[in-house]
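To start, the structure under review is shown below, and the notes come after it.
The values are calculated or read from the model by the stated rules, or taken from the named source; none is laboratory data. As the structure is a prediction and not an experimental result, all values here were calculated from the model. Glycine gets a Cβ as well: all are built from the backbone with ideal geometry, and neighbour counts include every protein chain shown.
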Amino acid sequence: MFYIYAIIAISGVTVLYNIYSAYRKKNLVLKLWDNNNKLDYPINYLGTFKYFFENAKGSSKDEYGVDDITWNDLNMSKIFEKVNYTFTSVGEEMLYYRLKKAHEKHLFYEEIIERITRDRQYRSKLSLILAKLGKAAHADSSKYIFGNPDFNFRKIYFVLSVLPIVGLLTMFISVQLGFSIFIISVLVNTTLFYLNRSKNEVEYESLFYCLNIILTSRKLAKLNNDVDFLKRTNKLKKAPFIGVFLLQDDASGSNLVLQLFTLCKSIFLIDYFIFHYIVNILSSNNEIYELAWRKLGDIDCCYSIALWRKILPFYCLPKYSHNNSLIIQKAYHPLLNKPVGNDFYFDKNILLTGSNASGKSTFIKTIAINIILSQALNTSTSREITLKRGLVYSSMAMSDDIEKGQSYFLSEIYALKRIFDIRDANKDKFMYFFIDEVFKGTNTIERVAAAESVLNYLSDCNETRIMAATHDLELTDILSTKYDNYHFRERIINDEIIFDYLIKAGPSKTKNAIELLRITKFPEQVYLQALRNSKEFIG
């Protein structure tokens, strides 16, 4: 009797703790918006936010997008982290996909973003629905969109599942024989049940998450009064309730009912049949499932974009034109704490010059990032932007690759060569190229000669806009007919270098490298000799 009371007491405490945890989570979720916070999830080391992008890439004819070199050059991982206020794995995967495939024409639900921003009651309901689904570390939920997973149904399992019943019925004829059949079949089935569960644990979790995606998407549709969506997903509405049979037993052992339910399932191999039944439902209705998946991901992205916009100093919605030009006002880098806004008219290829640390690289990244964010998230970190849709590629943050035995210069060669290959294979696609310090890894004569040749060749395509930064002032004269010149500069006041980070027309006329030797108190002999050398080289 003591054990029964103990089980009841433990079960009661567990239920109360779960109610308290749910209450705490609800309060936490409702405060996220006001505190500009994200719902705290364990760090996802597995990179599962890439699942949808990888699955979609495997079935798409469009192989282009923000490639790994450009992604790293522009610190897009930090931007993704900054923008990512999503509640669900689906929203996170969709957000990553949009940034990687920025050039695609994505759907934007600005009315939902506006409602999330303005309507507290709506925002609270939406947040709680999304938070309940949450994120699953291993859930590759989009694979059921792009193909039929290879899970073959083995008929022997059907035979094994009915053997315990056969054993029970046989007891009416022969107790000993029936009992033997029952015990042996129970032992075999239970063993198979836990072997399958151990082997396919990730698949079970993933499939259970898929079912909750359907349930959550329909809850969102009801919240948004989306009658058409509810009708179109009507075929799948029973699937989440069937998935209840996939519930795993309580690891703490305190839930006696769930333990008995799991025992029953193991005896008759119920999980095996339910698993294959649900896989079949999703596979045969993958278009409907895709609709539910994408709608959920889009709405979660709406919340993420809305909260990200809330914390920005200012932003704008992009406008698009068919002219091969970009006009932007007060553009700033979204990762800077105290950014300086720049106005710019990018209607011709640009050559940027200027001193070290004057802002060239940051400006290049600012323009490139704003092109991506405008297309991917319908948001620009500027007062105004008008642009033409296009692909973005860069060659900026090269480094030596020790593992490949590859020098800085060779890394840069390969990065530029891939830009040539993409350009030559897609003459009809509009592209933006951003190149920083062309051929920095080699000597001056070859650097200037090769840079002039590369930039000249790329400029010959009408469907291309190029922004390149260089310290080689010779290029400003050599390429003056094909590239407009702009620069950043500094002022030295009381031995302090002051940067305003504002772009200016024309090539740079200032240098600060030798003056930095004096300001940082190198030996005077070194500074004076550098000055003499500089004058001799110029002469």
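Please tell me if Tyr64 is among the aromatic types (Phe, Trp, Tyr) and more than 30 Å from Leu30 (Cα to Cα). Write out each step before concluding.
Numbers: among the aromatic types (Phe, Trp, Tyr): yes; more than 30 Å from Leu30 (Cα to Cα): yes.
The answer is yes for Tyr64.
Inside segment 315-357, can you point out the residues that are of a type in the set (Asp, Glu) and either crowded, with 18+ Cβ neighbours inside 10 Å or part of a strand (DSSP E or B) (or both)?
Initially, segment 315-357 is screened for residues of a type in the set (Asp, Glu), giving 343, 347.
Asp343, the sole residue that qualifies.
Taking the stated definitions as given, is Ile466 surrounded by 21 or more Cβ atoms within 10 Å (Cβ to Cβ) and either part of a strand (DSSP E or B) or without any contact (Cβ under 8 Å) to a residue 40 or more places away in the chain (or both)?
When the stated conditions are applied, Ile466 passes them.
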- Message: Return the residues of segment 59-90 that are in contact with a helix residue (DSSP H, G or I) (Cβ under 7 Å, 6 or more places away or on another chain), farther than 30 Å from Asn35 by Cβ and small (Gly, Ala, Ser); say none if nothing qualifies.
- Response: Ser59, Gly65
- Verdict on Ser141 being part of a loop (DSSP other than H, G, I, E, B), in contact (Cβ under 8 Å) with a residue 24 or more places away in the chain and under 21 Å from the mean Cα position of the chain (by Cα): yes
- Query: Got a sec? Which of Tyr64, Tyr97 is assigned to a loop (DSSP other than H, G, I, E, B) and touching a residue at least 12 places away in the same chain (Cβ under 8 Å)?
  - Reply: Tyr64
- Message: If a residue must be surrounded by fewer than 17 Cβ atoms within 10 Å (Cβ to Cβ) and either without any contact (Cβ under 8 Å) to a residue 12 or more places away in the chain or touching a Ser or Thr at 6+ places or on another chain (Cβ under 9 Å) (or both), how many such residues does segment 121-137 contain?
- Response: 3
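Please find, within segment 45-91, the residue that is nearest to Phe434 (Cα to Cα) out of those that are of a type in the set (Asp, Glu) and out of contact with any strand residue (DSSP E or B) (no Cβ under 9 Å at 6 or more places or on another chain). Before you say what the answer is, go through the steps one by one.
The initial filter retains those residues of segment 45-91 that are of a type in the set (Asp, Glu), namely 54, 62-63, 67-68, 73, 81.
Next, from what is left, pick out any that are out of contact with any strand residue (DSSP E or B) (no Cβ under 9 Å at 6 or more places or on another chain): 54, 62-63, 68, 81.
Values: Glu54: 25, Asp62: 22, Glu63: 20, Asp68: 14, Glu81: 23 Å.
Ranking the candidates gives Asp68 first.
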- Tell me, yes or no, whether segment 335-344 has at least one residue that is within 30 Å of Ser124 (Cα to Cα) and among the polar types (S, T, N, Q). yes
- For segment 470-488, how many residues meet the condition of being over 22 Å from Tyr501 (Cβ atoms), β-branched (Val, Ile, Thr) and modelled with pLDDT under 90? 0
- Within segment 469-502, how many residues are part of a strand (DSSP E or B), farther than 23 Å from Asp343 by Cα and in contact with an Asp or Glu (Cβ under 8 Å, 6 or more places away or on another chain)? 2
- Message: Looking at Ser217, Ser142, Ser161, Ser206 in this structure, which one is surrounded by 19 or more Cβ atoms within 10 Å (Cβ to Cβ), at pLDDT below 85 and of a type in the set (Ser, Thr, Tyr)?
- Response: Ser206
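Quick check, is Ser174 in contact with a helix residue (DSSP H, G or I) (Cβ under 6 Å, 6 or more places away or on another chain) and among the polar types (S, T, N, Q)?
Details: in contact with a helix residue (DSSP H, G or I) (Cβ under 6 Å, 6 or more places away or on another chain): no; among the polar types (S, T, N, Q): yes.
Here the answer is no, as Ser174 does not meet what is asked.
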- Output the residue which, of all residues in segment 390-415 that are modelled with pLDDT under 65 and in a strand (DSSP E or B), is surrounded by the fewest Cβ atoms within 10 Å (Cβ to Cβ). Asp401
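With respect to Ala137, is the statement that it is modelled with pLDDT of 90 or more and at negative phi true?
Working: modelled with pLDDT of 90 or more: no; at negative phi: yes.
When the stated conditions are applied, Ala137 does not pass them.
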- Count, please, the residues in segment 416-458 that happen to be assigned to a loop (DSSP other than H, G, I, E, B) and either aromatic (Phe, Trp, Tyr) or surrounded by 14 or more Cβ atoms within 10 Å (Cβ to Cβ) (or both). 9
